[in-house]
C-alpha cells in the first residue's frame with residue numbers, strides 16, 4: 001500500500017512539474033514537454049489558433065473523416081435488414097391488398113343485388129336500390145353510419161386504383177437508401193461539413209467532432225424505415241449532446257439557397273434536430 005501511494009505521489013509531482021514546464025516554455029517546446037508526461041495523463045493544450053478557423057484543406061480532411069464514420073455506420077447494418085421496405089411501401093402494399101378484397105365484397109353484393117355490403121367492420125352502399133337497379137345519383141361506396149348514407153366515399157373507390165403514400169422516386173428498400181447515400185448523397189453532406197469547418201471557430205468544431213457522426217447518422221436516416229427508428233430509440237442524443245449542439249448553433253453556418261431563384265443545396269440537417277431534441 002505504501003509503495004502504491006509513493007508511486008501515485010511521484011506521478012502527481014511529475015505531472016505538476018511538467019505543467020509548470022509547459023507554462024514557462026514557448027510553443028515550439030511544448031511538444032517536447034508533453035512527451036515527458038504519461039500518454040493517459042497528458043492535458044489538452046489550447047493555443048491561440050484555436051479561436052481561428054480551419055483552412056480549406058484541413059476542413060476537407062475533417063469532413064471526409066466524418067463522412068467515412070457515417071458510412072461505416074451504414075455498413076454495419078445487418079445484411080438481412082437491407083431488404084426492409086419503407087413504411088410507405090408497406091402501407092401501400094397493405095392498401096392495395098385491402099382494395100382487392102373490398103372490390104370482391106362489393107362485387108358479391110352487386111351480384112346478389114344488395115343495397116349495402118360490409119368490409120372491415122364498415123358498411124357501404126353498392127349503388128343499387130331496393131329493386132336491384134343502379135341509382136343515377138349514387139355510384140356506390142358511400143359509407144353508411146347508423147343506417148344512414150354519409151357523404152364519405154370509401155378510400156378504395158379512387159379511380160387510379162392506388163393510394164400513393166410515398167415519393168415515387170424515393171428509396172423502396174433500406175439497401176436502396178444505403179447505396180444511394182454511398183454513391184451520391186454523401187457529397188452533399190461533405191460539402192456542407194467543409195463549409196461549416198471553414199467558418200466555425202476551431203474550438204467549437206473540436207467540441208462537436210466526436211458526436212457529429214452519431215448526430216448526422218440520426219438526421220440523414222430515413223425515418224420511413226423501421227430499422228432507423230429502432231436505432232434512434234436505442235441510442236438517442238443525450239441531454240449533454242443536445243445542449244452542446246444547440247450552443248454551437250450549426251444552423252448559422254448552413255445558409256440555405258432559395259428554391260425558386262437559385263439552385264438549392266441540401267445543407268446540414270439542423271432545423272429539425274433543434275426543434276425536436278432527443279435525449280436519454
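Looking at the range 183-199, is at least one residue within 30 Å of residue 99 (Cβ to Cβ), buried (at least 19 other Cβ atoms within 10 Å of the Cβ) and modelled with pLDDT of 90 or more?
Step one: of the range 183-199, the residues within 30 Å of residue 99 (Cβ to Cβ) are none.
Looking for residues that are within 30 Å of residue 99 (Cβ to Cβ), buried (at least 19 other Cβ atoms within 10 Å of the Cβ) and modelled with pLDDT of 90 or more, one finds none in the range 183-199, hence no.
Output the number of the condition that residue 150 fails; it satisfies all remaining conditions of (1) closer than 30 Å to residue 170 by Cβ; (2) loosely packed, with under 15 Cβ neighbours inside 10 Å.
All conditions pass for residue 150, except number (1).
Could you check the range 119-147 and list, in sequence order, the residues that are surrounded by fewer than 12 Cβ atoms within 10 Å (Cβ to Cβ) and closer than 19 Å to residue 158 by Cα?
As a first pass, look at the range 119-147 and keep what is surrounded by fewer than 12 Cβ atoms within 10 Å (Cβ to Cβ): 120-121, 130-131, 133, 136-137, 145-147.
Hits for the range 119-147 are 120, 136, 137.
Among the residues of the range 62-71, count how many are without any contact (Cβ under 8 Å) to a residue 12 or more places away in the chain and either outside the structural domain of residue 201 (by TED's automatic domain parsing) or under 22 Å from residue 176 (Cα atoms) (or both).
The qualifying residues number 1.
Considering each residue of the range 116-141, count those that are assigned to a loop (DSSP other than H, G, I, E, B) and out of contact with any helix residue (DSSP H, G or I) (no Cβ under 6 Å at 6 or more places or on another chain), and give that number. Full working, then the answer.
Step one: filter the range 116-141 for residues assigned to a loop (DSSP other than H, G, I, E, B), giving 120-121, 126-127, 129-133, 135-141.
Applying the additional criterion that residues be out of contact with any helix residue (DSSP H, G or I) (no Cβ under 6 Å at 6 or more places or on another chain) yields 120-121, 127, 129-133, 135-140.
The qualifying residues number 14.
The values are calculated or read from the model by the stated rules, or taken from the named source; none is laboratory data. Since the model is a prediction, treat every value here as computed from it, not as a measurement. So basically every Cβ, Gly included, is an ideal-geometry build from the backbone, and we count neighbours across all protein chains shown.
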